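Engineer: Quick one: the structure is below, and I'll ask about it shortly.
Here, each number is a calculation from the coordinates, and none is a lab measurement. The structure presented is a predicted model; accordingly, all values stated were derived computationally and were not measured. Here the Cβ is made from the backbone with ideal geometry for all residues, glycine too, and neighbour counts use every protein chain on show.
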Amino acid sequence: MTLDGLALAALIILIFNMLYFQITSPAFLLVSLEIPTVSTLLRGQFWFYFLSLSMTAAAATLAFAVSGRLVVAAGIATIAAFAMFSRKWFRRHMDAELEARDRGDRDAPRRLRRLHWIGMLSHSIALVALLISIPYLNLFPT
């Protein structure tokens, strides 16, 4: 496989990973976050998604850097950094809201829902930025 092919494969895997979250996360809008099992699944989805996004974005960064596209590698490294930061941030805030809910705070599910919306919005911004940049990546040199 050529270096260009490796970079393209890494990009496809990265986009697939991001589209998976884009498809699955709205399903949690249909259920109540007052149910402990549902909110635990939501927390797990966010934790695992941002972990897998940071790993796939790091691999894509490496693939683009090796292929000589350093500007693209820097952009994808930004996505990896965003994922690492988001994983810690969402985990900390979701754990705090889950503990508040378990203590009897009746507003905690509403705050969990807000965190869910913030996660979907921030993810959508990163996904749209990546998709918009595809024509400028010069993945198919002539």
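Engineer: Identify, among LEU42, PRO109, GLY5, the residue whose Cα sits farthest towards the positive end of the charge dipole of the chain, taking +1 on the Cβ of Lys and Arg and -1 on the Cβ of Asp and Glu, with the dipole about the Cα centre.
Structural biologist: Projecting each Cα onto the dipole axis, the largest value belongs to PRO109.
Engineer: I need the helices of the chain that pass two filters: whole DSSP H segments spanning 20 Å or more by Cα along the axis, and mean Kyte-Doolittle score no lower than 0.5.
Structural biologist: Span-like helices in the chain: 3-24, 36-66, 108-133.
Engineer: Please sort by residue number the GluC sites (Glu not before Pro) in region 1-102 whose DSSP state is loop and whose Cβ has at most 14 other Cβ atoms within 10 Å.
Structural biologist: GLU34
Engineer: Hey, another quick one. In Å and whole numbers, how far do the C-alpha atoms of region 1-69 stretch along each principal axis, longest first?
Structural biologist: 50, 16, 16
Engineer: Work out the length of the dipole vector of region 30-140 about its Cα centre, built from +1 on the beta-carbon of each Lys and Arg and -1 on the beta-carbon of each Asp and Glu, and round it to the nearest 20 debye.
Structural biologist: Charge dipole, region 30-140, about its Cα centre: 100 debye, nearest 20.
Engineer: Tell me the Kirkwood radius of the chain: reciprocal of the mean inverse pair distance over distinct alpha-carbon atoms, in Å.
Structural biologist: Kirkwood radius, the chain: 16.1 Å.
Engineer: Sticking with this one: Which is farthest toward the positive dipole end of region 71-142 among SER133, LEU98, MET84, measuring Cα position about the Cα centre, with Cβ charges +1 (Lys, Arg) and -1 (Asp, Glu)?
Structural biologist: It is LEU98.
Engineer: Counting only helical runs of four or more DSSP H residues, what would the 222 nm mean residue ellipticity of the chain come to if each run contributes -39,500 (n - 2.57) and the total is spread over all its residues?
Structural biologist: -28500 deg cm²/dmol
Engineer: Debye sum, Cα scatterers, region 46-111, no solvent: what log₁₀ I/I(0) at q = 0.11, 0.12, 0.19, 0.24 1/Å?
Structural biologist: -0.38, -0.43, -0.70, -0.89
Engineer: Let me ask another. Between ASP107 and PHE85, what is the spin-label point distance in nm, taking each point 7 Å from the Cα along the Cα→C-beta axis?
Structural biologist: Result for the modelled spin labels: 2.7 nm.
Engineer: Could you tell me the distance between the Cα centroids of region 66-97 and region 17-36, to the nearest Å?
Structural biologist: Cα centroid to Cα centroid, the span is 20 Å.
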